[in-house]
1. Per residue Cα convex hull volume for the chain, in cubic angstrom?
2. Given the pairs Lys62/Lys101; Lys63/Lys99; Lys110/Lys158; Lys63/Lys166, which span a C-alpha to C-alpha distance of over 28 angstrom in this model?
3. If the only charges are +1 at each Lys and Arg Cβ and -1 at each Asp and Glu Cβ, what is the size of the charge dipole of the range 61-171 around the Cα centre, to the nearest 20 debye?
4. Return the long-range amide H neighbours of Ala155 (sequence gap of 5 or more, or a different chain), with a cut-off of under 5 Å between placed amide H atoms.
5. For Gln12 and Lys62, FRET efficiency with R0 = 22 Å and r from the beta-carbon atoms, rounded to 0.05?
6. Whole-Hz Karplus ³J(HN,Hα) for the range 121-127, in order, using 6.51 cos²θ - 1.76 cosθ + 1.60 and θ = phi - 60°, x for Gly and Pro?
7. For the range 131-159 and the range 19-48, write down the distance between their C-alpha centroids in whole Å.
8. Could you state the number of Å between the C-alpha centres of the range 52-75 and the range 87-125?
Amino acid sequence: MIVVLRLGHRPQRDMRVTTHVGLTARALGASGMYIAADDRGVVESIRDVADRFGGDFFVEDKKGWSSCIRRWKEDGGCVVHLTMFGLNLPDVEEEIREKEKILVVVGAEKVPGEVYERADYNVAVTNQPHSEIAGLAVFLDHIAPDALHRDFPGAKVKVLPNPCGKTVEEF
Ligand SMILES: C[S@@+](CC[C@H](N)C(=O)[O-])C[C@H]1O[C@@H](n2cnc3c(N)ncnc32)[C@H](O)[C@@H]1O
């Protein structure tokens, strides 16, 4: 089970990026996302996609990041913080793939130093600066089983692969 914890979300300013963090998490095999901020709009837009496109992805806002990390670790979960300053993904991915419960922490603005200390792994997707969406996508592609071939049961809308044009089924 992989769940994302989104830190440092600034309502209004980060709305689009946080929504895309959630949609990326869902599409590439995470089970849900916690947002350490209060933003009903983001929660509703992700839930709307999950409702139409299927699966059972959950999203919860107003989560205290510190208690979220503490509880995750008390339940035996592993905490992976994505940061350009960490160990490069190829050097730790084999070990991380063996974990049953992974909380993937991604930031927006500056991430508190305590997160680096409490994470089991600080992982870089290259040691170059880029974005939480890109970092999460590559991480899930390497860690989530079958990230690119997920099933989304109960979908009301399904897009079928089409080499040219759009094929959409509605149920
Ligand atoms: C735009 S960055 C801002 C980071 C902020 N300046 C800091 O020093 O913490 C937002 C988030 O993207 C993710 N990120 C950016 N580059 C990354 C990289 N090379 N590897 C992994 N995650 C990365 C991290 O989760 C980071 O918190």
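1. That works out to 126 Å³ per residue.
2. Pairs exceeding the cut-off: Lys110/Lys158; Lys63/Lys166.
3. So the dipole magnitude of the range 61-171 works out to roughly 440 debye.
4. Gly55
5. The calculated FRET efficiency here is 0.85.
6. In residue order, the calculated couplings are 9, 9, 10, 9, 9, 6, 8 Hz.
7. Comparing the Cα centres of the range 131-159 and the range 19-48, I get a distance of 13 Å.
8. 16
Throughout, read-outs are computed from the coordinates displayed, never taken from laboratory work. Everything numeric in this text was worked out from a predicted model, so none of it was measured. Cβ: placed from backbone, ideal geometry, glycine included. Neighbour counts: every protein chain shown.
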